[in-house]
Amino acid sequence: MKNLSMVAGRALGLIMVVLGLNGLLHFLPQPPPATPEALAFIMALATTKGFWLLLKGTEIVAGLTLLTNRWAALGLVVLAPVTVNIVLYHTALDPSGLVVALAVAGLHLAAAWNYRDAYKALLKA
């Protein structure tokens, strides 16, 4: 089970690094958003001064923690709101990518399982 969690973490890290870099450098073709609401949301994020850079930078740095397995538990905590936002975006605004979004969430959960002991202190009341 530990090996599966490590593979999931590396896969999630690779996805985040590649898509984070693509968000800044635009080297992969992007399909247009499926709905006008999805386009408006993406445009709002992209035109908000500094937010797009912060979001994509966070994806890159946290993804690198998973790829290098250094501070990976922290990287997964930092990526949690990003993953939730990806799932919610595809659930509410662009259902065409929902399967991929759920796969990313599954990778995130599988990777986090490997560090469950590290999270016990965070979850104590």
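The values are calculated or read from the model by the stated rules, or taken from the named source; none is laboratory data. Here the structure is a predicted model, which is why all the values come from computation and not from measurement. Heads up, the Cβs are rebuilt from the backbone with ideal geometry, glycines too, and the neighbour counts pull from every protein chain shown.
Results, tabulated for the structure shown:
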| item | result |
| --- | --- |
| Qualifying positions in segment 48-74 - outside any helix (DSSP H, G or I) and β-branched (V, I, T) | T48 |
| Residue among A38, A101, A92, A121 that is small (G, A, S), closer than 22 Å to S5 by Cα and surrounded by 12 or more Cβ atoms within 10 Å (Cβ to Cβ) | A101 |
| Residue list for segment 1-17, restricted to those being touching a Phe, Trp or Tyr at 6+ places or on another chain (Cβ under 9 Å) and surrounded by 11 or more Cβ atoms within 10 Å (Cβ to Cβ) | L4, S5, A8, G9 |
| Subset of segment 41-71 that is among the hydroxyl-bearing types (S, T, Y) and either in contact with an Asp or Glu (Cβ under 8 Å, 6 or more places away or on another chain) or surrounded by 15 or more Cβ atoms within 10 Å (Cβ to Cβ) (or both) - its residue that is farthest from A101 (Cα to Cα) | T65 |
| Segment 104-118, residues that are surrounded by 20 or more Cβ atoms within 10 Å (Cβ to Cβ) and either charged (D, E, K, R) or outside any helix (DSSP H, G or I) (or both) | N114 |
| Where L24 falls short, out of the listed (1) more than 17 Å from A80 (Cα to Cα); (2) at pLDDT 95 or above | (2) |
| Failed condition for V77, given (1) at pLDDT 95 or above; (2) out of contact with any Phe, Trp or Tyr (no Cβ under 9 Å at 6 or more places or on another chain); (3) part of a helix (DSSP H, G or I); (4) aliphatic (A, V, I, L, M) | (2) |
| The listed residue being surrounded by 11 or more Cβ atoms within 10 Å (Cβ to Cβ), outside any helix (DSSP H, G or I) and not small (G, A, S), out of P29, P33 | P33 |
| Some residue of segment 48-63 being of a type in the set (S, T, N, Q), without any contact (Cβ under 8 Å) to a residue 12 or more places away in the chain and out of contact with any Ser or Thr (no Cβ under 6 Å at 6 or more places or on another chain) | yes |
| When residues of segment 78-89 are limited to those that are over 16 Å from V17 (Cα atoms) and of a type in the set (A, V, I, L, M, F, W, C), the one surrounded by the most Cβ atoms within 10 Å (Cβ to Cβ) | V87 |
